[in-house]
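Novice: This is the structure, below, for whatever I ask next.
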Amino acid sequence: MELVIEKVARLLNRAGVTWAAGASWMLKQYGIVQTARDFDVLVALPDFPKVHEELLKLGYGRPGETKNPYLTKHFTTYEIDGVDLDVMAGFTISHEAGAHEFPFDAAHVTGRVQVGEQEVPLSAPEDWLVLYLLMGPDREPKVQALEAYFREKGIAHPQLLSQALEQDLPESIRARVNALFSACQAF
């Protein structure tokens, strides 16, 4: 998988698009989880057509399977050297209070790691706390790992959580994020 990640990073970095690794691979880079089974890429919505064109140079792309609660505007799975890569732009999750569209752009790239000779941008753990909370109870282990990480390290990008709280969110998620803010400010 690392060789594919390096190829993808080289291509997207040269293309000059806004992108970042997300989900469990990103969490692993921050030491929040121990394993990652896949590599998910977030792309700024206006950059998706260019990203799609570039990734087709490396492999085959097919529309990803979308099912409720996901309303993502662009979700494509690419097969590159036998590795599946999920790419999302306009990542949106519906919930009982409406829909949460993750406004991914350069402000949501908060870290970078080296993979081979390429730099891989990382999306913010703060954003993934809200996204995993919206994904439902089966993501609770990742939510708890993120909460433990923030309690230990602090919230490095509180503005991202504040931005998420400005959108429609279920009251239970809003309360959980606010409780984390309170717990982390106690340090």
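Please treat every number below as a calculation from the coordinates, not as lab data. The model shown is predicted, which means the values in this text are computed figures rather than measured ones. So basically every Cβ, Gly included, is an ideal-geometry build from the backbone, and we count neighbours across all protein chains shown.
Novice: Using helices alone, I'd like the mean residue ellipticity at 222 nm for the chain: each DSSP H run of four-plus residues gives -39500 (n - 2.57), total over residue count, nearest 500.
Specialist: Working: 7 runs with 77 residues, N = 187.
Dividing the helical sum by the residues of the chain leaves -12500 deg cm²/dmol.
Novice: Could you work out which residue, out of E101, E79, E166, moves most in a Gaussian network model of the chain, that is, has the largest mean-square fluctuation with Cα springs under 10 Å?
Specialist: Maximum among the listed residues: E166.
Novice: Name the residue from V113, A15, L42 whose Cα lies farthest towards the positive end of the charge dipole of the chain, charges +1 on Cβ of Lys and Arg and -1 on Cβ of Asp and Glu.
Specialist: Among V113, A15, L42, the one farthest towards the positive end of the dipole of the chain is V113.
Novice: What aspartates and glutamates could a cross-link reach from K73, if we take a straight Cα to Cα line under 16 Å and drop same-chain neighbours fewer than 8 places away?
Specialist: Straight-distance partners of K73: D40, D47, E65, D86, E101, D105.
Novice: For each of Y70, Y132, count neighbouring Cβ atoms within 10 Å of the residue's Cβ, then give the residues from fewest to most.
Specialist: Ordered by Cβ neighbours within 10 Å, fewest first: Y70, Y132.
Novice: If every alpha-carbon in region 85-187 counts as one equal scatterer, what log10 I(q)/I(0) does Debye give at q = 0.16, 0.24 1/Å?
Specialist: The Cα Debye sum returns log10 ratios of -0.74, -1.49.
Novice: Within straight cross-link reach of K7, meaning Cα distance under 24 Å, which lysines are found once same-chain residues fewer than 8 apart are removed?
Specialist: Leaving aside lysines fewer than 8 places away in the same chain, those within reach of K7 are K28, K50, K57.
Novice: Would you compute, for the Cα atoms of region 2-185, the largest minus smallest coordinate along each principal axis and list the three values in descending order, in whole Å?
Specialist: Computed over region 2-185, the largest-to-smallest principal extents equal 46, 32, 27 Å.
Novice: Semi-axes, largest first, in whole Å: what does sqrt of 5 times each Cα gyration tensor eigenvalue give for region 92-133?
Specialist: Working from the Cα gyration tensor, I get semi-axes of 27, 9, 8 Å.
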